[in-house]
Each structure stands twice: as C-alpha cells, then as structure tokens.
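Below: one structure, written as structure tokens.
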Amino acid sequence: SSLFFIATAELPPLYYRYASFGVENPKAAAQFFSRYTGGEVISREQFLIEPTPNSQTVGVRLPFEGKFSDVYFQNDTSLPAGDMILSSFARKIATTHSMAQDDWDWWQDWHLAFSVDNLDAVALRLMKDNVPFVSRGSLYFTIPRTGLIIQVLGDATVYWKEPFLFCRKTSEELTGKMQPYTLNVTDLSTAPDMPLPEFVPSHQSLAASDAPTNAKWMQTYLNLTFFYPFTKPNESHAYAGGTCADIEWMYAADHFQFHFIQQKVKREGNLRIAAHEEYLNRLHGNLTHVDQYMLFRAALSTPDVGVYAENFAKHGIPTLMSSGDDGVKRLLVTPPNGYTIELFEDASHSPRLAKSVPQW
C-alpha cells in the first residue's frame, strides 16, 4: 500500500512561514537562538507576525534556498494567562528537561525542527560553548530558561549517537536526575570553527495525550497529507506505531511537517501533558480574545483564509479572526491539544509601509 494518502483537496494549499514562542525574555532567547542557527534579528518593519499592541517581540530570520522562515520570541504580560503565567510555565518545562543523553521527557517532543547540510558545524559550536544537547542521530538543544527545544537534522561525525528508543522507560527518580555530558568523539581544541549552514524548516512537533485524534483533526480541517512515520521494528521510529508510543506525521504543500507525539513510557516532569491540554482549552474558550499561550503558535500562509474560516464555522469550530488596515486576513485556531495554529493570506509576504494596530 502507498505510504502517502490524499488530503482534503478542496482547501487551499498551506505553506509554513514562522513559529512563535512565548518567553520571559525575548531578546535573550533570540540572541541564543541566533548564535546556534545563524539567524538574523530583524526589525519590526520586516515582521510577518502581527504582535499584540503591548508585546515585546523579537524576530529572527533564517534564509534558506532563496526563501526564509522566521522565529518570533514574544512576551505580553497584559494578556490573560489563567492561574499559570508564562514565566511559571517556562520554569516548569525548563526544569523538567535534564538534557542528559540517557533521559527523555515527553515535553522534549514539543520542538521546532530544521534540517541542515552540515550538522557538524552546529554540533561543534554547541560543544565548544558547553551547551548540552541530546543525540538521536539528529541533535536537540534547549534555549535556556524557556523550555523550548530546537531539533537539528542532518549527518554528523563529531559526536556519538543512538537511535530513538521509544520503549526505554524514563523516570523522575532515575533518568530525570541524570546530568548532561558532552558527546564529542573528536578533540574539540583542534576542531575548526565552521560557518553555520542554512537552516531549512523541517517540522513542528507537538506532544499530545491523544495523537491520532489531533492528527485526524489536522487532516480534516487543514490541507495536510498524512505520511508513514517508519515505526516497524527495523525502522527509525521503531515501536512508535502504538506499542510504546503513538506518533502521527503529516505535511503541508511545501512539505513542512507536523508531528503529534503520544508517549507511553516517558516521564512528564513538572507538568502533565493531558492536564495542560485541558488548561489550554479552558483558557482559550471560544477564542474570543488572545491569551498568553497563543503566543506559542505555528503560522502557515495560504492564498485564501476565507475558505478556511467558512469551513471552520460550518463545523462549529471557534476561530479568532483579525484584519488590519493592510488587509491581511489572519485566523487563529486550536486543534484538540490546545496548541495554536495561525493561517494568514499570502499578501502579508510583501513589505508593508504602514503598520496598523492588529484587531485581535
């Protein structure tokens, strides 16, 4: 049987453009991220995102193949957050990550991933700066004090690696107390400093207490195509087809992917995934206004937001619409796990001379 399945053909195509993350200190997070990705901090006039009026927002642009993607770090304490403000959430997740090679917590499955053609260059910079990373072939590093994980995919020769071990149980008592250590197999003192490669957007991975339900929602209401995540015993993601984990993969028109990861034997640390999903859905309500957790989102452009808005309305799914003086239509919507997806029209790709206050 074919590995690929046809998505909802009637909906317009979707193209990944940026990710946004809520952080306590946007400038520090952006500087750290830039150091290990080669991204350039951009001016507000270059933003693809429409920040809320009171937000501190720092954007980082990552050119690739004649195009670019952005990552935005935002803080807006004027927005509602329920009884867990963003800084408390960040502390819970950041202190859950041990970043030890022999550990894995379920929150590490919430990550933004890029592929590169020279992973050694990225790994060497991290190792020389004593920034720990976890290796599963690709590498995962965290932005300090944010809980955010960045995955970098590629081929590396300067550190040792192991496969995904979805059935290896992790626990708070044992693996959660382990310390990170450097994974280099070369002498760092003689290793050259190499320019960083282009960071090509690969996927947004999201933890989900019910991966199949979230995946089905995404396929039903967004123009995404399912594909097989290689979960047979001799494949890269062995036993993640329902045995020790349940993973669901799908891609957009530009082949940017969304992954939903439901772990069964990995620790959750300071915040339970299912409880946080319930918290987010209560906070978002019927999406009548922006809250602090909507600062975490993945944004896709499309030729026609209106078609999506009509389809969501037809199925009784709440959305939050915005359109400033520039005429760019934007829509926020949340799948069952409570994470935010933004859709915006292609017109917003062109530079805008006058910035309007967004009507979120």
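The values are calculated or read from the model by the stated rules, or taken from the named source; none is laboratory data. All values derive from a computational prediction rather than experimental measurement. Here the Cβ positions follow ideal geometry from the backbone for every residue, glycine too, while neighbour counts run over all protein chains shown. Ligands, DNA and RNA are stripped out before the accessible areas are found, and what is left, the full protein with its side chains, is counted by its heavy atoms. Shrake-Rupley method; radii C 1.70, N 1.55, O 1.52, S 1.80 Å.
Over region 1-92, all Cα pairs binned in 10 Å intervals from 0 give whole-percent P(r) values of 14, 37, 26, 18, 5, 0, listed from short to long.
Counting only Cα atoms, region 198-354 measures 53, 35, 33 Å along its principal axes, largest extent leading.
Under 16 Å from a point placed 7 Å out from the Cα of Gln46 along the Cα-to-Cβ direction: which residues of region 185-225 have their backbone N that close? Once the point is set 7 Å along Cα→Cβ of Gln46, 198-199 turn out to lie under 16 Å by backbone N, inside region 185-225. Straightening the chain between Glu10 and Lys27 buys 2.0 nm, computed as 0.36 nm per residue apart minus the Cα-Cα spacing. Restricting region 112-210 to chymotrypsin sites (Phe, Trp or Tyr not before Pro) that sit in a DSSP loop and have at most 11 other Cβ atoms within 10 Å of their own Cβ leaves Trp160, Tyr181.
Take every pair of alpha-carbon atoms less than 8 Å apart whose residues are at least six positions apart; their mean separation over the length of the chain yields a relative contact order of 22 percent.
Using the Cβ-Cβ distance between Ala313 and Leu165 with R0 set to 45 Å, the FRET efficiency works out to roughly 0.55.
Backbone phi angles across region 193-204, fed through the Karplus curve with coefficients 6.51, -1.76 and 1.60 (θ = phi - 60°), yield HN-Hα couplings of 7, 10, x, 6, x, 5, 9, 8, x, 10, 6, 10 Hz in residue order; Gly and Pro are listed as x. Placing Lys177, Lys264 in order of accessible area, with the largest value first and a 1.4 Å probe, yields Lys177, Lys264. Computed from the Kirkwood radius of its Cα pairs, the Stokes-Einstein diffusion coefficient for the chain at 20 °C and 1.002 mPa s stands at 102 µm²/s.
Here the calculated FRET efficiency for Asp346 and Asn286, from their Cβ-Cβ distance with R0 = 30 Å, stands at 0.60, rounded to the nearest 0.05.
Tell me the GluC sites (Glu not before Pro) within region 146-239 that lie in a loop according to DSSP and have at most 15 other beta-carbon atoms within 10 Å. Here the GluC sites (Glu not before Pro) that fit, given the DSSP loop and packing criteria, are Glu172, Glu173, Glu235. Using just its DSSP H runs of length 4 or more, each adding -39500 (n - 2.57), the chain gives a mean residue ellipticity at 222 nm of -5500 deg cm²/dmol after division by all residues. Using the Cβ-Cβ distance between Glu235 and Thr182 with R0 set to 25 Å, the FRET efficiency works out to roughly 0.30.
Backbone N atoms of region 166-193 closer than 18 Å to the 7 Å Cα→Cβ label point of Asn270 belong to residues 171-180.
Across all Cα atoms of region 182-224, the radius of gyration (one decimal) and Dmax (whole number) stand at 19.5, 53 Å.
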